[in-house]
Amino acid sequence: MVTKVLHRQQKSSYQIKFSENFNNFIRRNKKKYEKIAILTDTNIYRLYNNIFKDNNILIIKIKPGEKSKSRETKTNIEKFLFKNKFNRKSLLVAVGGGVVGDIGGFVASTFMRGIDLIHVPTSLVSIVDSSIGGKTGINNEFGKNLIGTFYNPKEIIINKKFLRTLPRKEIRQGLAEIIKYGIIDDKSLFTLVERIDKDFLNNSTIIINTIIADCIKIKVTIVEEDFKESNKRVVLNFGHTIGHALEKHFLYKRLHGDCIGLGMLIESKISYLIEQLSENEYLRIKNILQKFDLLNLKSTKFDIKKLINYMKLDKKNKSNKIAFALPNKIGLIKQKDGLYVTEIPEKIIISAIREVLNEFKNK
Ligand SMILES: NC(=O)c1ccc[n+]([C@@H]2O[C@H](COP(=O)([O-])OP(=O)(O)OC[C@H]3O[C@@H](n4cnc5c(N)ncnc54)[C@H](O)[C@@H]3O)[C@@H](O)[C@H]2O)c1
Ligand SMILES: [Zn+2]
């Protein structure tokens with residue numbers, strides 16, 4: 001199966017291919033490119049060294065984890081490419097999770113002003129989210145993903161066989177984004193995920209394929225409409241206004257999925273308090289997050305004032321007010337006067353946080 005992604009604003013397109021065998025993929029691209037380098041992390045290299053055996057392909061290994069999204073790693077990758085005489089006719093293939101994809105994309109977009117890039121996502125997060133949409137980047141001392149580019153790959157190769165070796169906690173990270181897609185855009189996806197086995201990979205191939213394909217379609221459609229995040233793309237930020245503030249509050253030591261899990265619940269509560277979301281739908285969101293263990297932060301203490309101050313730094317804010325992308329109902333983000341963000345007074349945000357935390361007290 002092949003999905004074609006059009007970028008009208010950029011007058012370009014690329015393909016998302018499902019289940020192509022890795023050796024075929026390399027053979028096909030060797031005919032096209034003079035030099036190919038594969039960027040991966042040491043975990044993936046260890047697990048899949050059989051597919052990296054081709055002697056004519058250069059392999060660049062980085063350490064797994066968020067710390068590799070740094071200027072230092074970027075410089076090291078660039079030095080490797082220069083030493084091996086890479087040029088504009090060369091190809092960089094990012095085989096890995098979001099870390100490898102984000103830094104690989106950033107290197108490809110700036111090396112000699114841009115070389116071809118192909119994503120082979122191996123984590124659930126990278127399959128349903130980070131490999132699509134063209135955002136690349138690294139972190140610095142001021143925060144996450146603050147330096148980067150918008151740069152599309154030539155292809156994305158999706159092969160869900162990689163998920164067999166993905167640790168459970170990483171599957172949970174992907175499920176958080178999958179639930180988000182259901183809430184912002186697709187009620188039937190939400191209902192399907194409500195019904196499936198808690199252990200994602202225990203579900204039938206057809207169900208897993210459907211869920212992955214639905215998520216990819218949602219992200220592709222949204223970024224096709226608004227590549228540079230001037231309006232519609234902010235819907236992907238549901239749960240992330242509070243989620244990012246929680247990540248910062250916990251000094252990035254808590255998992256992204258746990259932070260946006262609680263973030264989605266509190267933002268749903270805000271929507272309920274301003275009389276958008278019904279109580280029944282709020283409870284459905286709470287139940288699905290609980291089912292997939294995405295409310296682990298519910299009894300962890302945090303400073304609400306500090307959290308609000310972090311939210312004030314959010315990119316969506318226009319004035320001093322905090323802006324959210326909030327659902328009207330499951331499957332639909334509220335739109336007013338053509339805009340997808342809603343400014344919410346601080347006292348409502350504080351009430352929503354308190355109410356949610358109270359719901360879990362002594363339980
Ligand atoms: N560009 C975007 O639009 C976008 C969107 C969402 C997230 N992100 C970024 O993506 C990153 C998170 O992505 P992630 O969750 O994939 O993290 P990750 O790349 O750190 O991967 C998570 C862990 O799983 C391991 N792993 C990956 N695939 C594996 C496999 N098949 N088998 C066994 N282990 C495997 C990795 O080695 C790592 O230890 C963050 O840096 C985030 O900022 C970017
Ligand atoms: Zn996220």
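Structural remarks
- Within the stretch 145-170, backbone nitrogen closer than 15 Å to the virtual label 7 Å beyond the Cα of residue 20 toward Cβ: 153-160
- Separation between Cα centres of the stretch 28-48 and the stretch 70-104, rounded to whole Å: 11
- Beta bridges per DSSP with both ends in the chain, % antiparallel, nearest 5: 40
- Over the chain, the ratio between the Cα radius of gyration and 2.2 N^0.38 Å evaluates to 0.99.
- Whole-number D in µm²/s for the stretch 128-266 (Stokes-Einstein; Kirkwood sum over Cα pairs; 37 °C, 0.692 mPa s): 204
- The slack between residue 82 and residue 197, meaning 0.36 nm per residue of separation minus the straight C-alpha distance, is 36.6 nm.
- A straight chain from residue 188 to residue 350 at 0.36 nm per residue would run longer than the Cα-Cα distance by 55.2 nm.
- Summarising the label geometry, the points placed 7 Å from Cα in the beta-carbon direction at residue 213 and residue 287 lie 2.8 nm from one another.
- Exposure proxy ranking, count of Cβ atoms within 10 Å, fewest first, for 82, 200: 82, 200
- Shown for 27, 195, 172: other C-beta atoms within 10 Å of each C-beta, ranked fewest to most, produce the order 195, 27, 172.
- Membrane-span-like helices of the chain, defined as complete DSSP H segments with a Cα extent of 27 Å or more along the helix axis and a mean Kyte hydropathy of at least -0.5, are identified as 205-225.
- Estimated 222 nm signal from helices in the chain, with DSSP H stretches of n ≥ 4 weighted -39500 (n - 2.57), rounded to 500: -13500 deg cm²/dmol
- Hydrodynamic radius by Kirkwood, which averages 1/r over all alpha carbon pairs of the stretch 115-199, in angstrom: 14.6
- Multiplying the residue separation of residue 89 and residue 149 by 0.36 nm and removing their Cα-Cα distance gives an extension gain of 19.6 nm.
- Counting every other Cβ atom within 10 Å of each residue's Cβ, 73, 136 order from fewest to most as 73, 136.
- Gaussian network model of the chain, springs between alpha carbon atoms under 10 Å - residue of 154, 31, 63 with greatest fluctuation: 31
- Calculated FRET efficiency, residue 164 to residue 301, Cβ-Cβ distance, R0 = 45 Å: about 0.75 to the nearest 0.05.
- When the pairs 30/74; 61/219; 219/291; 161/334; 61/160 are compared against a 27 Å limit on Cα-Cα distance, 61/219; 161/334 fall above it.
No lab work stands behind these numbers, since they all come straight from the coordinates. Only a predicted model underlies this, so the values are computations on that prediction, with no experimental measurement involved. Cβ coordinates were reconstructed from backbone atoms using ideal geometry, including for glycine residues, and neighbour counts include every protein chain displayed.
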